[in-house]
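This report refers to the structure that appears directly beneath it.
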Amino acid sequence: MTDSTDPDGLAPIDLPIARECPFDPPAELGRIRDEHPICPLHYPDDHLGWLVSNYHLGRALLGDSRFSVRHPHLVIGDGYQNARLEDLVDREHPEMRVGNLLEVDPPEHVRLRRLQAGYFTVQRVAEYREDIEEIVSDRLDAFEAVGSPVDFVKEFAYPVPSLALCSMLGIPAEDRERFERPTAEVADFGTTADERIGPLRELFDYAKRVVDRKRARPTGDIISELIQGGQMTDDEIVGATSFIFSAGHETTATMFGFAAFALLSDRSRWEYLLANPERIDNAVEELLRYLTIFHVGAVPRTATEDLEFEGVRIKKGANVTVSLAGANRDPLQYPEPDVLDLDRDTGRHLAFGSGRHICLGQHLARLELQIGFRALTERFPTLRLAVGTDRVPMRPFDVGAYGVDSLPVEW
Amino acid sequence: MQIMADQDTCVGAGMCVLTAPDIFGQNESDGRVVLLVRTISEEARASAQDAVDSCPSGALTLVEPDPS
C-alpha cells in the first residue's frame, strides 16, 4: 500500500509532456508507466494527486463511479492562472458551468447525456455521410483551385469538421470563424486567465445567440429539437450548444492534421492506404491510438471519498489523471505499441476516453476521418509533405490537443 | 449463451454497435443499447464477447442460460 501522505511512498513526479519525437509520448512517461502505473503526481497548482498511466488501470479508473469530474486541477498550464480562471467563471459567469457534459456528475450527467446521445448514435451519425462526403469533395476542389502546395490544416483539417458541424446544427458556413477562433484561444494554456475568459465568454454568447435564433425559428436540427423537447433548461441548452461547438471541431481537426503528418512522413504508410482502401477504417483506429491527441490525458477525476483503488489509498478530493497516451502505448495491451501498424486490429483504444464520459461525438469523428482519408487517397494519390518532416511546425506542448500547427503538402 | 444489457449503466457510447452490429442497436431517443437478439449462437460468441469487452461502461454481460 502507498499513500500520497506516506513518506515511504513514491516521490511525486511532474507529468512529462515534452516529446523527443513529435509522434511519441515522452520516453519518461513510458518508464513511469512500466514501473509505477499509478504514481503520485504533482499538479502545477501544487495539488498532490495521482497519475494512472497504463491501459488496465486507466480504463478501470475512468469507469469507476467513485470519481467525479467536478473542479479538476489541470495538469498543464500555469497553476495560478488555471485557478484564477476557474474562480472567474464561478464568480462572474456561473451560467457557463451549466450543461457542459464534462463538468457534471450523475444524476445530472445521465439526464443530460441521454437527452443528447440519441443524436450521436452510430446509425444517426451515418445519416450525415453524404453531407460529409460533399464537404470533403468541395475541400479537395479547393485544393486544386489553390494549387500545390497548400496548408492541409487550413484548407482541410479545420474546414471539414467545422463545416460538418455547421451542416448538422443548421447554421451558416460563415459562422465557422465564430466558434473556431475562440475555441483555439481558450485552448491556449500559455495565456493568462484574463486572456482566456474573453474567448470563453465569446463562445458562450455566440451559442446563446444561436439558441435564441433557433427558439424563434426552429430548423429541425439538434439544438432546435433540444429546445422543443422542453427537457433542458435554457442555460443547459446554451451550455450544451457551446460544448458541441468547441468539442465538435477542434479535436477532429487536430486529429486530421496530425494523422496526415504521420501518414505522409513515411511513404510506406500512405502507399498502404492506397493499396488497401478497405482497411482505411481500421487504419483510422490505429492512428487514433498511436497519436492520442489528448496527450496530457483525460480531464482529471476527483475522489469523492477516501477510497482504495487497485491497492492504493486515495484521499477524498485527490485528483487522478489518466494518461491516455500512456495507456494507448501500453505494451501489455498492444504488442510493439510504439509501431504505427495500420494493419493491426486496434480495438478498444482510449483515444476517446472511457466510462460514462466517453466522447459523445466519437462516431462522427470516426466517420469524418474515414471519409476524409478515403477521398484524399482517391483524388490525391501523389500527396506528399512539401517540407522535411523535421520542418513541420508542431504545437507547443502545453495544449490540450497536441498536433501540427500547419502542414504544407503538395502533389 | 445469453446477452444481458444493464440499461441503468449504459451510457449510449455505441461501441457494441460498432463491434457487433448484428447483435446490438441503439435506441433512437437516448442512444442506449437495444438487443437485436437475446441468444448468442456459437458462431456469434466471439464478436459478442468482443462487444462485452469493448463496452466502456461495463453494461454488457454474457451468461450461460439458466438450466432450470
What strands (runs of 3 or more DSSP E) lie completely within the range A:267-377 and have 1 or more residues being closer than 24 Å to A:SER53 by Cα and open to solvent by 10 Å² or more (accessible area, probe 1.4 Å)? A:301-303, A:307-309, A:312-314
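Hey, can you tell me all the residues within the range B:9-46 that are of a type in the set (Gly, Ala, Ser) and farther than 22 Å from A:ALA351 by Cβ? Show your work before the answer.
As a first pass, look at the range B:9-46 and keep what is of a type in the set (Gly, Ala, Ser): B:12-14, B:20, B:25, B:29, B:31, B:41, B:44, B:46.
The answer is B:GLY25, B:SER29, B:SER41, B:ALA44, B:ALA46.
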Quick one: would you say A:HIS249 is in contact with a Phe, Trp or Tyr (Cβ under 9 Å, 6 or more places away or on another chain), within 29 Å of A:ASP205 (Cα to Cα) and of a type outside the set (Val, Ile, Thr)? yes
Sole residue being within 14 Å of chain B (Cβ to nearest Cβ) and either touching a residue at least 40 places away in the same chain (Cβ under 8 Å) or buried (at least 22 other Cβ atoms within 10 Å of the Cβ) (or both), chosen from A:ARG84, A:ARG59, A:ARG97: A:ARG59
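Got a sec? Which of B:ASP22, B:ASP6 is of a type in the set (Asp, Glu), within 25 Å of A:VAL110 (Cβ to Cβ) and modelled with pLDDT of 95 or more? Outline the logic, then answer.
Details: B:ASP22 fails: within 25 Å of A:VAL110 (Cβ to Cβ).
Matching residue, one of B:ASP22, B:ASP6: B:ASP6.
Take the residues of the range B:21-39 that are in contact with a Phe, Trp or Tyr (Cβ under 8 Å, 6 or more places away or on another chain) and within 14 Å of another protein chain (Cβ to nearest Cβ): which is nearest to B:SER54 (Cα to Cα)?
Restricting attention to the range B:21-39, the residues satisfying the condition of being in contact with a Phe, Trp or Tyr (Cβ under 8 Å, 6 or more places away or on another chain) are B:31, B:33-36.
Those still in the list that are within 14 Å of another protein chain (Cβ to nearest Cβ) too: B:31, B:33-34, B:36.
Working: B:GLY31: 16, B:VAL33: 13, B:VAL34: 16, B:LEU36: 18 Å.
Of everything passing the filter in the range B:21-39, B:VAL33 is nearest to B:SER54 (Cα to Cα).
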Please work out which one of (1) touching a Phe, Trp or Tyr at 6+ places or on another chain (Cβ under 8 Å); (2) modelled with pLDDT under 95 is the condition A:VAL312 fails and give its number. (2)
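Residue check: is A:ALA164 crowded, with 17+ Cβ neighbours inside 10 Å and either of a type in the set (Lys, Arg) or at pLDDT below 95 (or both)? Before you say what the answer is, go through the steps one by one.
On the way: crowded, with 17+ Cβ neighbours inside 10 Å: yes; either of a type in the set (Lys, Arg) or at pLDDT below 95 (or both): no.
The answer is no for A:ALA164.
Can you say whether A:GLU177 is over 30 Å from A:MET394 (Cβ atoms) and away from every other protein chain (no Cβ under 14 Å), as far as the supplied structure shows? Before the answer, list the steps.
Details: over 30 Å from A:MET394 (Cβ atoms): no; away from every other protein chain (no Cβ under 14 Å): yes.
Considered against the rule, which asks whether it is over 30 Å from A:MET394 (Cβ atoms) and away from every other protein chain (no Cβ under 14 Å), A:GLU177 comes out as no.
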Of (1) among the basic types (Lys, Arg); (2) more than 14 Å from chain B (Cβ to nearest Cβ); (3) open to solvent by less than 20 Å² (accessible area, probe 1.4 Å), A:LYS154 satisfies every one except (3)
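Does B:GLU42 meet the test of being more than 19 Å from A:ARG366 (Cβ to Cβ), at the interface with chain A (Cβ under 7 Å from one of its Cβ atoms) and not β-branched (Val, Ile, Thr)?
On the way: more than 19 Å from A:ARG366 (Cβ to Cβ): yes; at the interface with chain A (Cβ under 7 Å from one of its Cβ atoms): no; not β-branched (Val, Ile, Thr): yes.
When the stated conditions are applied, B:GLU42 does not pass them.
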Would you check which residues across the range A:100-127 are open to solvent by 60 Å² or more (accessible area, probe 1.4 Å) and facing chain B (nearest Cβ under 9 Å) and list them? A:GLN123, A:ARG124
Failed item in (1) open to solvent by less than 60 Å² (accessible area, probe 1.4 Å); (2) under 30 Å from A:PRO393 (Cβ atoms), with A:ASP78 passing the rest: (1)
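Looking only at strands (runs of 3 or more DSSP E) that fall completely inside chain B, which ones have 2 or more residues that are open to solvent by 30 Å² or more (accessible area, probe 1.4 Å)?
Details: elements: B:2-5, B:24-26, B:33-35, B:60-63.
Qualifying strands (runs of 3 or more DSSP E): B:2-5, B:33-35, B:60-63.
The values are calculated or read from the model by the stated rules, or taken from the named source; none is laboratory data. Fair warning: this is a prediction, and the values are worked out from it, not measured in the lab. Ideal geometry is used to build each Cβ from the backbone, glycine not excepted, and the neighbour counts take in all protein chains shown. Surface areas here come from the heavy atoms of the whole protein model, side chains and all, with no ligands, DNA or RNA. Shrake-Rupley method; radii C 1.70, N 1.55, O 1.52, S 1.80 Å.
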